[in-house]
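The values are calculated or read from the model by the stated rules, or taken from the named source; none is laboratory data. Here the structure is a predicted model, which is why all the values come from computation and not from measurement. Cβ atoms come from the backbone with ideal geometry, glycine included; neighbour counts cover every protein chain shown. Surface areas here come from the heavy atoms of the whole protein model, side chains and all, with no ligands, DNA or RNA. Shrake-Rupley method; radii C 1.70, N 1.55, O 1.52, S 1.80 Å.
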Amino acid sequence: MKFGLKSLLAGAAVAAALMCSSAIANAADIRIVAVTHGQANDPFWSVVKNGVSAAAKDMGASVDYRAPETFDMVSMGQLIDAAVNQKPDGIIVSIPDASALGPSIKKAVAAGIPVISVNSGSDVSKGLGALLHVGQDEYTAGKAAGAKLHELGGKEGLCVNQEVGNVSLDLRCKGFADGFGGKVTVLPVSNDPADVRAKVKAALSSNTGVDTVMALGAGTAGEPSLAAVGDVGMTGKINVATFDLSADFLKAVADDKAAFAIDQQQFLQGYLPVVFLANYAKYGLIPGGNVPSGPNLITKEKAAQVVDLSAKGIR
């Protein structure tokens, strides 16, 4: 009888160990692919990627992060198609151009692969078959920024756009113009900070009536725009604001050299979709609608609080 009990307990222990190892294996077997339009030289997207990596570690999932080297919708579509062929448990995708990327996203949905969109594409995500979207409403965020800059006395502004044709960035400029109420000129630039600085400086030098600069990315456009304002001797006289955060731009806000930054909490745009897809694969659980990650205006009063986190790649 004792022998039978020992055998039973030993068998139970083995079964428990096998079940535990099986659960761990199941978690490790979850494969997710993230495909975004974020370019390697853009600090914003490094924070998104940090969020993806943190969630992969926390959930015990395997996540492959991919992006084209430049803002190239053909290459991005090919990356999505390649992900579909690998049949992962989920795909995370940004949608800066629904016309170009829609067929690839629909192909993923048709293959039975759960899709969550992030950052850009909130207006088209559901129509393409995505489960939900994690991000901010870009037009609303732009309008709030424009209204604040108008309140600060702005009458003529520049909207510095480093990705003209990216629907989300175009919506930021449109929202800014509508909320600002004054004259707004869209200034197309590249993702090269030196190019941004030179073009903003030229625009300010040729039109001394500009009193406001709205940049659409802190590291790529916000910091170079601040430098350009300094180049023309107008630091503190021209209000400069930016979408997204960087440690240096936040320091400028804290020092009264910039007006504010708009935080869309992009770490969550990387982190939450991985958590959602992992839980969907394991338990069939998913939020019932889109998840707004922003906007939040970071003014002088708040800037010092988030400088360290920005430097660490979290905000």
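Of 58, 263, the residue with the largest accessible area leads and the full order is 58, 263 (1.4 Å probe). Of the residues 148, 183, 201, 312, the one with the largest accessible area comes first in the ranking 312, 183, 201, 148, computed with a 1.4 Å probe on protein heavy atoms. Quote the FRET efficiency, to the nearest 0.05, computed for residue 109 versus residue 283 with a Förster distance R0 of 25 Å and r equal to the Cβ-Cβ distance. Once rounded, the FRET efficiency stands at 0.75.
Between residue 198 and residue 308, what FRET efficiency follows from the Cβ-Cβ distance if R0 is 35 Å, with the result rounded to 0.05?
0.65
Ratio of alpha-carbon Rg to the 2.2 N^0.38 Å globular estimate for segment 194-315, to two decimals, please. Working shown, then result.
Working: Rg = 17.6 Å, N = 122, 2.2 N^0.38 = 13.7 Å.
Normalised by 2.2 N^0.38 Å, the Cα Rg of segment 194-315 equals 1.29.
For segment 138-263, a simple Cβ point-charge model (Lys and Arg +1, Asp and Glu -1, everything else neutral) yields a dipole of about 320 debye relative to the Cα centre.
With every protein chain left in place, what is the accessible area per residue of the chain in square angstrom, probe 1.4 Å?
44
All C-alpha to C-alpha distances of segment 138-263, sorted into 10 Å bins beginning at zero, yield P(r) values of 16, 53, 30, 1 percent in whole numbers.
Roughly how tilted is helix 98-110, in degrees to the nearest 10 and between 0 and 90, from the longest Cα axis of the chain? Roughly 10 degrees between the two axes. Here residue 201 is the anchor, and the aspartates and glutamates within straight C-alpha reach of less than 12 Å, apart from those fewer than 8 places off in the same chain, are 231.
The lysine pair tally for segment 255-315, using Cα distances under 25 Å and a gap of 8 or more places or different chains, is 5. Within the chain, DSSP assigns beta bridges of which about 10% are antiparallel (rounded to the nearest 5).
Could you sort 29, 211 by their accessible area in this structure, using a 1.4 Å probe and putting the largest first? Show your work: numbers first, answer last.
Numbers: 29 100, 211 35 Å².
Most to least solvent-accessible, the answer reads 29, 211.
Among 186-199, 275-288, 169-182, sorting by the average number of other beta carbon atoms lying within 10 angstrom of each residue, highest first, gives 169-182, 186-199, 275-288.
For the chain, the fraction of 1.4 Å probe accessible surface lying on carbon and sulfur atoms is 57 percent.
Could you give the size of the charge dipole of the chain about its Cα centre, using +1 on the Cβ of each K and R and -1 on the Cβ of each D and E, expressed in debye and rounded to the nearest 20?
Working: 27 positive and 29 negative charges, 183 e Å.
Using only the charged Cβ atoms, the result is roughly 880 debye.
Convex hull over the Cα atoms of the chain, averaged projected area in nm²?
Working: hull surface 75.9 nm².
For the Cα atoms of the chain, the hull's average projected area reads 19.0 nm².
Tell me what the chain gives for mean residue ellipticity at 222 nm when only DSSP H runs of n ≥ 4 count, each as -39,500 (n - 2.57), the sum divided by the residue total, rounded to 500 deg cm²/dmol.
-16500 deg cm²/dmol
Ranking 95, 194, 32 by Cα position along the charge dipole of the chain, where only Lys, Arg, Asp and Glu carry charges on their C-beta atoms, puts 32 farthest toward the positive end.
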